[in-house]
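Values in this text are rule-based calculations from the coordinates and carry no lab data. Predicted model, so just to flag it, every value in this text is computed and none were measured. Methodologically, a virtual Cβ is constructed for each residue, glycine included, from the backbone with ideal geometry; neighbour enumeration extends over all protein chains shown.
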Amino acid sequence: MDLNSIYNDALDDLKNIKNKGDLPLIKSKYIGRKGKVTELFKELTSLPKEERKDFGQKINEVQNKLKELFEEHEEKFRLNAFNIKLNDITRDAYPIESGRTHILNQTYEDIYNVFKSMGFTVVEGPEIEDEFHNFEALNFPKSHPARDTQDSFFFDDKSLLRTHTSPVQIRIMESWEPPFAVISPGKCYRRDTIDASHSFMFNQIEGFLVDEDIGVGHLKAILDIFVQKIFGEDVKFRLRPHFFPFTEPSMEIDIGCIFCGGKGCNVCKNTGWIEIMGAGIIDPNVFTLSGIDPEKHSGFAFGMGVERIAMLRQNINDMRLIYGNDLEFLKQFRG
Ligand code: DAH
């Protein structure tokens, strides 16, 4: 085989090279110890002396040229690998999904905003309460049957996980001078079995206003704005007589069923009304037990379940979804 065709073959091989690993093979095929070009040097001895020098030089030239080409190719592969890495760095970042406020906190915020706009202050109370604030001062005497509806987690005889946010009424009345208007959010605990509408932990917002000459009319005016802003301008509500130990009179607040418009459906159990909270005029006993003069002051209070409000507004039929951390569920709600 002559030098030229060996050289051309080498060029062809280099042109068709597919991956970096082939380069050493081609290199040794031509300029390795037993390479085609290297073998030609051995043939020199069989040439007439005068031709040897000339041909030797030619083989050398070809060998050097090939060495150069191999080096160029090596460099090319190295640069390619580097560029791939470089492209990697400058590639668009993975899309970052921004988080959003949890449906429960959205509901909290919407409710805060309504009451803040009417001058209420947001105050939190302790989740571990004593028996006095959770029951006694709210007019639940020891062994009163009303305590049975709030099956509780006690730590010892005196302290328990609060069963509602109403104890914050007492704590504020003990330390603030009326007039005041407060809402108090937070977790509450009852010994309940989890199902679609119950949980051992849930969220409440307590509200209360204490001043002079406060009556049901004031409560109704505040609730009117609350219902309009949270459920819609056209939604009706009513006050229905009920019993709570710490209010007199006591009532439950129902809104006109937002699912059937009051015609009757299975959400409102065909009554056309849905209960959204408890409320009432603060019992004089509660004032006395909290150090406020009931002859001088009066006030109203109300309490609602935040999950319930969220479920009604978003048509969620199982409370467990709210705590489930299922992103597909949570993503449905604006952040
Ligand atoms: N604390 C009550 C409960 O958890 C809710 C409640 C009812 C709060 C009437 C009030 C109220 O302030 O006036 O069942």
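Numerical summary
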item: Candidates per trypsin sites (Lys or Arg not before Pro) in region 206-305, loop by DSSP, up to 11 other Cβ within 10 Å; result: 263, 269, 296
item: Volume of the Cα convex hull of region 3-89, divided per residue and given in Å³; result: 75 Å³
item: Rel. contact order, % - alpha carbon contacts under 8 angstrom, at least six apart, the chain; result: 15 percent
item: DSSP-loop GluC sites (Glu not before Pro) across region 285-335, with at most 13 other Cβ within 10 angstrom; result: 295
item: Of 236/263; 18/58; 34/67; 116/331, those spanning more than 23 Å from alpha-carbon to alpha-carbon; result: 18/58; 116/331
item: Region 276-300 versus region 225-254: alpha-carbon centroid distance in Å; result: 18 Å
item: Tensor-based shape of region 120-275 (alpha-carbon gyration tensor, a/c under 1.5 rounded, otherwise prolate or oblate); result: oblate
item: HN-Hα J in Hz across region 273-284 - Karplus 6.51, -1.76, 1.60, θ = phi - 60°, x for Gly and Pro; result: 10, 10, 6, 10, 6, x, 7, x, 9, 4, 5, x
item: Region 163-222 and region 52-69: distance between their alpha carbon centers, rounded to Å; result: 97 Å
item: Expected-Rg normalisation [2.2 N^0.38 Å, Cα atoms] applied to region 61-148; result: 3.00
item: GluC sites (Glu not before Pro) lying in DSSP loop within region 40-113, provided at most 14 other Cβ fall within 10 Å; result: 97
item: Separation of the residue 175 and residue 116 label points, Cα + 7 Å toward Cβ, nm; result: 2.1 nm
item: Distribution of pairwise C-alpha distances over the chain, 10 Å bins, in %; result: 5, 19, 21, 12, 4, 3, 4, 6, 8, 8, 6, 3, 1, 0
item: Computed helical MRE - 222 nm, the chain, DSSP H runs ≥ 4 contributing -39500 (n - 2.57), nearest 500; result: -13000 deg cm²/dmol
item: Whole-number Å³ per residue for the convex hull built on Cα positions in region 197-271; result: 135 Å³
item: Unpartnered cysteines - no second Cys beta carbon under 4.7 Å - across the chain; result: 188
item: Nitroxide proxy distance, nm - points 7 Å out along Cα→Cβ at residue 157 and residue 194; result: 3.5 nm
